[in-house]
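Asker: There's a structure below that I have some questions on.
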Amino acid sequence: MANATSPGIPATLIPGDGIGPEIVDVVVRVFDTLGSPFAWETCQAGVNALEKSGDLLPPETLASIRRTGLALKGPLTTPIGGGFRSVNVRLRETFQLYANVRPARTIVPGGRYEKIDLVLVRENLEGLYVGHEHYVPIGDDAHAVAMATGINTRAGARRIARFAFDYAVRNNRKKVTIVHKANVLKALTGLFLETAQQVGLDYADQLEFNDRIVDACAMQLVLNPWQFDVIVSTNLFGDILSDQIAGLVGGLGMAPGANIGEGAAIFEAVHGSAPDIAGQGLANPTALLLAGALMLDHKNLHAPAKKLRDAIDDVLGAESGRTADLGGKTSTSKYGDLLIERLRG
Ligand code: NAI
Ligand code: MG
């Protein structure tokens, strides 16, 4: 439902399910305190939508995103069985959200690593995620052989590399690392590496760039994560490394993500609907709040984005501000109250 009276930039809001509504409630209250930069159009998707309208991704929700070009999405449970395709993959394909951006920054001190500040840029539409898979039967074993085809295109590699280098320049980053497996997957990821290196040459006077083989990169992220700044990689490697990077800064409750295309951008937390803690006031809303900060940056609203990040840093800096996943006792809504107090203060 559109809220025609509120000021701000029209944006679609999908509360999601599981812990979604609890953490979205905090985000809405905090954004009201920030001066309502967005005019939310609340829409359903996921299992709630399925129960109401028989569709995980109703046409009204798609129409709203098409109109606003901007969405903040709570986590959505993917029903197991029944042949449902992931709503997230459908959204990426429908709106051609080719870039997945996942920044990771140490906020809570005293964890495994201090002063982490990395951004992973993942190609979101190509590679092994195109889903061209099949079995080859042998004798009476219908699944004797499994095959998958990965597809990388020069145009797709160029587009994501350009996005990563532009992002790096815009955000005053110093280095881009291209991550691949071109020593083995010579065509599939060789094309990605070669194309990204060519793009990098256009930025050589502004930034440094290098490359790493994915397995070595994974090890280096554990041994010395501070050597990395912006990492750009293919779909599957980016998926794996971004969860690893989230682990460097305290896990899923702290990890935001942006899915960006030419005509639309969808912001979300990296974590899922956490059914094990839903409805108990235990969820940490930080990842979704940080996704909201990315959304502000995307609209060049850098001042409120900074204000929000600073408030989160302050509240989580004290033990009394932390939710259970961070070793604290603060409830989801109390954490929201503390943030609002800090923002008003
Ligand atoms: P999950 O991310 O929901 O939960 C994994 C673990 O992390 C759980 O123990 C959970 O309690 C904890 N956790 C996650 N977010 C948290 C938060 N904000 N605060 C505190 N603790 C948090 O992953 P799981 O259990 O594998 O998936 C549950 C459902 O979510 C599945 O249906 C899955 O398909 C869906 N999912 C949806 C995503 C999305 O909408 N973007 C992404 C990942 C999973
Ligand atoms: Mg993943």
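Asker: If I go through the range 252-280 residue by residue, how many of them are open to solvent by 20 Å² or more (accessible area, probe 1.4 Å), in contact (Cβ under 8 Å) with a residue 12 or more places away in the chain and over 10 Å from the mean Cα position of the chain (by Cα)?
Answerer: Residues meeting the conditions: 9.
Asker: Another one. In this structure, is residue 178 open to solvent by 30 Å² or more (accessible area, probe 1.4 Å) and in contact with a Gly (Cβ under 9 Å, 6 or more places away or on another chain)? Steps first, please.
Answerer: On the way: open to solvent by 30 Å² or more (accessible area, probe 1.4 Å): no; in contact with a Gly (Cβ under 9 Å, 6 or more places away or on another chain): yes.
No, not satisfied.
Asker: Could you please find all residues in the range 214-230 being small (Gly, Ala, Ser) and over 12 Å from residue 241 (Cα atoms)?
Answerer: Applying the first criterion (small (Gly, Ala, Ser)) to the range 214-230 yields 216, 218.
Hits for the range 214-230: nothing passes.
Asker: Another question about this same structure. Does residue 135 count as of a type in the set (Ser, Thr, Tyr), out of contact with any strand residue (DSSP E or B) (no Cβ under 6 Å at 6 or more places or on another chain) and more than 20 Å from residue 14 (Cα to Cα)? Lay out the reasoning, then the answer.
Answerer: Details: of a type in the set (Ser, Thr, Tyr): yes; out of contact with any strand residue (DSSP E or B) (no Cβ under 6 Å at 6 or more places or on another chain): no; more than 20 Å from residue 14 (Cα to Cα): yes.
No, not satisfied.
The values are calculated or read from the model by the stated rules, or taken from the named source; none is laboratory data. The structure presented is a predicted model; accordingly, all values stated were derived computationally and were not measured. Positions of Cβ are generated from backbone atoms using ideal geometry, with glycine treated the same way; all protein chains shown enter the neighbour counts. Heads up: the accessible areas ignore ligands, DNA and RNA and are worked out on the full protein's heavy atoms, side chains in. Shrake-Rupley method; radii C 1.70, N 1.55, O 1.52, S 1.80 Å.
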